[in-house]
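The values are calculated or read from the model by the stated rules, or taken from the named source; none is laboratory data. Everything quoted here is computed from the prediction, not taken from an experiment. Using ideal geometry, Cβ is built from the backbone for each residue, glycine included, and neighbour counts are taken over all protein chains shown. Just the protein is used for accessible areas: all its heavy atoms, side chains included, with ligands, DNA and RNA removed. Shrake-Rupley method; radii C 1.70, N 1.55, O 1.52, S 1.80 Å.
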Amino acid sequence: MLLALLAAAPASTKIAGAAWLFIVLTGLWAALRIPAECSWSQPLVQSSRYWLLVCSVAMALQGVATIYWGESLGERHAEIRLLLAAGASLVLARKLRLLAQQKIWLTHSLALACCVALAVTFLNGRMTPSNAIPWAAGVSLLVCVLIPLVTQPSVAHWQRAVWGLAVLAGMGGVLLSLSRGSYGLAIWVVGVVVVAAAKSILQYRNDRKSGRSKSHVTTRWLAGMAALFSLAVTLLISFPQNYQVAAGRVQLAWSEAEMASKSNMSKQEAFNTSVGVRFYMWHMGLKEIVSAPLLGHGSKERKAWLERLGETGDLEAIKGLTHLHSDPLTTWFDHGLLGLSSYLVLGFGLAWLALRRKCCNPSQRLALLGILWMHISSGLTNMNFGHNFYGVMLSLSLSLTWILSSGEPKQKIK
């Protein structure tokens, strides 16, 4: 069930939500029915405990501000999903162990999900199942979970090749969505590949000098990466219109930013663009934030303020907007330092876990760093936490990193 739901997650918010719910319910079942296999001091269990604590603190901070302003706790759906998934991850890390073949099946489902994402945007463009911006950010998180698994030496070469193709497919799906805030995924993928290739070249040289027999393994890995790179270049040449549109979106953003920075232009000319209106809202929003730094203004006042701002500023681009197109700034405006601290706690918590070698294995650390990078970079220019799909995909992706890092069972499952 989980394999099917995960593979189809990019095609529907409800399916992605069902995959998240399946993990949460599995965690509840494991807590009630399965004896513990790992002690509390085991590194994977410790890291999941820390993450549960981080999610609890983030939820508590936002919960206090939400209750203070009389808002619905349903608006805290992202924090609630993260908290429940973190609890399930802790239970599963301590009680449920997967066979190596089961992890491979789970990775195949991740790869299929990336291919489904490419199919969605290739066929429909920006008409994605959810808003295109948080949809692309959510899909990028799955790609970040998959990338470290491509470099595992214990996996068959053909499987790693298939997963590498799926990484390209997921990245292509994000680029074709034309959601510029998630284009940082391309930077992350290229960076990971360059670092991995450099390490492999150094390893190859050391193996050759010492006469060790592992040099042929490194050679195969480098050959596979070269083949994937060649395939990516071939696809770009074969379908130039796709990457040209994506590149054009970046150029458009740059020109809009230049227009917004010019002082000799009218307000309507400078800020009535996608990028310009963000600059204007952020500049005016910071002035409002300073007047109520601790508890903010509440979400209702934020929507009313944006409506007034659109009317007084005579900017068509603002009219109809309900948030500041930035996770940290919108949270800060709504709930002051309490809300901002909640958002920052999640980021610092992920960074702390990813950088502690004792807490996570290398693959999980790389996955967590990728998720952190995309969470921060995509959230700077959009309010991803305001959309169900992103909250589901963030909590689902994080849970998958712990599930895929679990050890082998002590005895074979009968």
Return the residue satisfying two criteria in turn: it lies in the range 15-38 and is over 29 Å from residue 386 (Cβ atoms) and open to solvent by 60 Å² or more (accessible area, probe 1.4 Å), and of such residues it is nearest to the chain's Cα centre (by Cα). 29
Of all residues being surrounded by fewer than 21 Cβ atoms within 10 Å (Cβ to Cβ), free of Cβ contacts under 8 Å to residues at least 60 places away in the same chain and out of contact with any Phe, Trp or Tyr (no Cβ under 9 Å at 6 or more places or on another chain) in the range 133-168, which is nearest to residue 104 (Cα to Cα)? Just the residue, please. 159
Consider residue 331 against the criteria (1) out of contact with any Lys or Arg (no Cβ under 8 Å at 6 or more places or on another chain); (2) open to solvent by 40 Å² or more (accessible area, probe 1.4 Å); (3) among the β-branched types (Val, Ile, Thr): it satisfies all of them except one. Which criterion is unmet? (2)
Tell me yes or no: at least one residue of the range 333-354 is touching a Pro at 6+ places or on another chain (Cβ under 9 Å), of a type in the set (S, T, N, Q) and under 20 Å from residue 395 (Cβ atoms). no
Any chance the range 5-14 includes a residue that's within 23 Å of residue 371 (Cα to Cα), without any contact (Cβ under 8 Å) to a residue 40 or more places away in the chain, of a type outside the set (S, T, N, Q) and surrounded by fewer than 19 Cβ atoms within 10 Å (Cβ to Cβ)? yes
Of the residues in the range 366-403, those that are open to solvent by less than 10 Å² (accessible area, probe 1.4 Å), of a type outside the set (Gly, Ala, Ser) and touching a residue at least 60 places away in the same chain (Cβ under 8 Å) number 15
Checking residue 121 against (1) within 20 Å of the chain's Cα centre (by Cα); (2) at positive phi, which test does it fail? (2)
The lone exception for residue 40 - which of (1) touching a residue at least 12 places away in the same chain (Cβ under 8 Å); (2) assigned to a helix (DSSP H, G or I); (3) not acidic (Asp, Glu) it fails: (2)
Subset of the range 48-83 that is free of Cβ contacts under 8 Å to residues at least 24 places away in the same chain and crowded, with 16+ Cβ neighbours inside 10 Å - its residue that is farthest from residue 391 (Cα to Cα): 63
Just checking, which of 119, 86 is open to solvent by less than 40 Å² (accessible area, probe 1.4 Å), among the small types (Gly, Ala, Ser) and assigned to a helix (DSSP H, G or I)? 86
